[in-house]
Amino acid sequence: MPTRIAVFGAGSWGTAFAMVMADAGAQVSLWARRPELADAINATSTNPDYLPDVTLPSGITATADASEAAEGAAFAILAVTAQTLRDNLSKWTPALADDTVLVSLMKGVELGTAKLMSEVISEVAGAGPERIAVISGPNLAGEIVRRQPAASVVACEDTAVAERLQAVCHTPYFRPYTNTDVIGCELGGAVKNVIALAVGIADGMRLGDNTKAALITRGLAETTRLGQAMGADAQTFAGLAGMGDLVATCSSPLSRNHTFGANLGRGLTLSETVAVSKQTAEGVTSCESVLALARLHGVEMPITETVVSVVHKGTSPQRALKELMSRSAKPELR
C-alpha cells in the first residue's frame with residue numbers, strides 16, 4: 001500500500017516535490033488555497049498557474065480541503081511562504097494526526113520573532129523534534145520537474161524518521177541524504193536567499209565573476225558563523241544544504257531571489273521590482289529577520305546588513321558596495 005502524503009501549498013516547489021514523491025510511489029494529496037486551481041490540476045494533470053507545461057503523475061490528487069488532504073497522511077509537507085506558515089498551520093493542525101511528521105520545504109526566518117520554520121512548527125503544532133523534518137538543498141523547481149538529476153538533504157533529529165522520509169522521496173533523478181542537523185539545514189536555506197539577492201544586485205550592476213565569487217564565499221562564511229552560534233554543525237554548511245544550495249540560488253536564472261536582486265542592481269526601485277516579480281522572493285522579507293537573528297546571537301553579517309540597507313532602507317547599490325568594500329581589513333578565518 002503506497003504511503004499517503006499531504007502537500008500543503010500548490011506553488012512551484014510544492015507541486016514539484018509532490019511530483020517527486022508520486023514518482024517514488026507515494027499517493028499524494030496536494031492542497032491548493034484556491035478551489036479553482038485544485039479543480040484545474042485534477043482536470044488537466046497540470047498546474048496551470050505555476051507549471052503549465054509539466055504533466056503531473058497520476059499519483060497526485062489536488063484539493064482545497066485541508067482535512068481531505070491531511071487524512072491518513074504519514075507526512076505533511078509544508079510548502080507555503082515562510083511568513084504565512086504560522087497562520088496557515090494553526091488552521092491545519094486540527095486535521096493532522098498526532099503521529100504525522102511535519103516537513104518544512106520553506107526557506108525563511110519569521111519576521112518579528114526571528115524564529116526558524118521548525119520552531120514555528122513546534123510552537124503552533126505542539127510537535128516534538130521527532131515529528132519535525134526539513135528538506136533543503138540545491139533544488140530549483142524548474143529543473144526538478146524536468147526530472148534532471150538533483151540531490152538534497154532530509155534533516156530530522158530522529159535518524160529513523162529522516163530515513164523514512166528519505167525513502168518516500170528517493171527517485172532515479174532525486175537523491176536525498178539524511179542529516180540530524182535541522183538548524184544548520186534550515187539556516188543554510190534561509191540565508192542563501194539573502195546572499196542570492198546580493199549576487200543578483202552585483203549582476204544587475206554588471207560586476208564580474210570575482211565580485212560574485214567573493215559574495216558567495218563570504219556569504220557562506222557569515223552563514224556558518226551564525227549557524228555555529230546557534231548550535232549547528234559547521235560541516236553542514238559545506239554540504240548540499242549550505243554551499244550546494246547557495247551556489248545554485250546565486251547562479252541560476254531560475255532563482256527568484258537572484259532575479260529580484262538583479263532588477264534592483266539595474267536601477268529598479270523596490271516597488272518596481274515587486275511589480276515585475278511573479279513569485280515570492282523569500283529573501284526580501286527574510287533578510288530583515290536573518291539580521292535580527294544575527295544580532296540576537298551577537299554575530300556580524302555584513303553582506304546581510306548590506307542587503308537590508310539596499311532592499312528596505314533605499315540605499316543605492318553603488319553606495320552600499322562602497323560601504324561594504326571599505327570595511328576594516330581582517331583575517332579571513334575569523
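FYI, it's all coordinate maths here, none of it is from the lab. This is a predicted model, so every value here is computed, not measured. Don't worry about glycine lacking a Cβ; one is built from the backbone with ideal geometry, like all the others, and counts go over all protein chains shown.
When the Karplus curve 6.51 cos²θ - 1.76 cosθ + 1.60 is applied with θ = phi - 60°, which whole-Hz ³J(HN,Hα) does each residue of the range 140-154 get, with x for Gly and Pro?
My calculation for the range 140-154 gives 6, 4, x, 8, 4, 5, 8, 6, 7, x, 8, 10, 8, 10, 10 Hz in order.
What does the charge add up to near ALA162, with Lys and Arg as +1, Asp and Glu as -1, over the other residues with Cβ less than 11 Å from its Cβ?
After counting each charged neighbour, the total is -4.
Given the C-alpha centroids of the range 140-165 and the range 175-203, what is the distance between them in whole angstrom?
14
What are the residues whose amide H is under 5 Å from the amide H of THR3, where those residues sit 5 or more places off or on another chain and H is modelled from the backbone?
Result for THR3 returns GLN27.
Calculate how steeply helix 256-265 sits against the longest principal axis of the alpha-carbon atoms of the chain, using the helix alpha-carbon long axis, and give the answer as 0 to 90 degrees to the nearest 10.
30
With no solvent and one equal point scatterer placed on each C-alpha of the range 184-325, evaluate the Debye formula and give log10 I(q)/I(0) for q = 0.09 Å⁻¹, two decimals.
Cα-only, vacuum Debye calculation for the range 184-325: -0.22.
Could you run the Debye sum over the Cα atoms of the range 4-180, one equal point scatterer each and no solvent, and tell me log10 of I(q)/I(0) at q = 0.15 Å⁻¹, two decimals?
-0.78
Which order, highest average first, do 285-291, 227-233 follow once you tally other Cβ atoms within 10 Å for each residue and take the mean per peptide?
Ranking the peptides 285-291, 227-233 by packing returns 285-291, 227-233.
For the range 155-208, what is the convex hull (Cα atoms) projected area averaged across all directions, in square nanometres?
Mean projected area for the range 155-208: 5.2 nm², to one decimal.
Would you mind computing the Rg to Rh ratio of the range 211-287 from its alpha-carbon coordinates, Kirkwood style for Rh?
Ratio of gyration radius to Kirkwood radius: 1.02.
On a 0 to 90° scale, report how tilted helix 282-296 is relative to the longest principal axis of the chain, with both axes built from alpha carbons and the result rounded to the nearest 10.
70
Excluding GLY242 itself, what net charge comes from residues whose Cβ is under 15 Å from its Cβ, given Lys and Arg +1 and Asp and Glu -1?
So the environment of GLY242 carries a net charge of -1.
If you rank LEU333, LEU240, LEU187 by fewest surrounding Cβ atoms within 10 Å, what's the result?
Sorted ascending by nearby Cβ count, the order is LEU333, LEU240, LEU187.
Classify the range 1-70 as rounded, prolate or oblate, taking a ≥ b ≥ c as the square roots of the eigenvalues of its Cα gyration tensor: rounded when a/c is under 1.5, otherwise prolate if a/b is larger than b/c and oblate if not.
Oblate, since a/c reaches 1.5 and b/c is not below a/b.
Quick check: the angle from helix 302-313's long axis to the longest principal axis of the chain, C-alpha only, nearest 10 degrees?
80
Kindly write out, for the range 224-238 in residue order, the coupling ³J(HN,Hα) from the Karplus curve 6.51 cos²θ - 1.76 cosθ + 1.60 (θ = phi - 60°), rounded to whole Hz, with x marking Gly and Pro.
5, 4, 5, x, 5, 5, 9, x, 7, 8, 4, 5, 4, 6, 8
Do the sum for the chain: with -39,500 (n - 2.57) for every DSSP H run of n ≥ 4, divided by all residues, what is the mean residue ellipticity at 222 nm, to the nearest 500 deg cm²/dmol?
-14500 deg cm²/dmol
Could you run the Karplus curve 6.51 cos²θ - 1.76 cosθ + 1.60 with θ = phi - 60° over the range 117-126 and give me ³J(HN,Hα) per residue in whole Hz, x for Gly and Pro?
Ordered by residue, 3J(HN,Hα) equals 4, 5, 5, 5, 4, 4, 5, 7, 8, x Hz.
Which stretch or stretches of the range 253-282 have amide N atoms under 11 Å from the point lying 7 Å from ARG206's Cα along the Cα→Cβ direction?
none
Hey, with R₀ at 25 Å, roughly what FRET efficiency would MET1 and ALA97 work out to, going by the Cβ-Cβ distance, to 0.05?
For MET1 and ALA97, the calculated efficiency is 0.95.
Along each of its three principal axes, how wide is the spread of alpha-carbon positions in the chain, in whole angstrom units, largest first?
61, 38, 36
Report, in whole Å, the centroid distance computed from the Cα atoms of the range 1-74 and the range 241-305.
The two parts, judged by their Cα centres, are 28 Å apart.
What is the P(r) of the range 86-184, as percent of Cα-Cα pairs per 5 Å bin from 0?
Calculated P(r), rounded to whole percents: 2, 13, 22, 22, 18, 15, 7, 1, 0.
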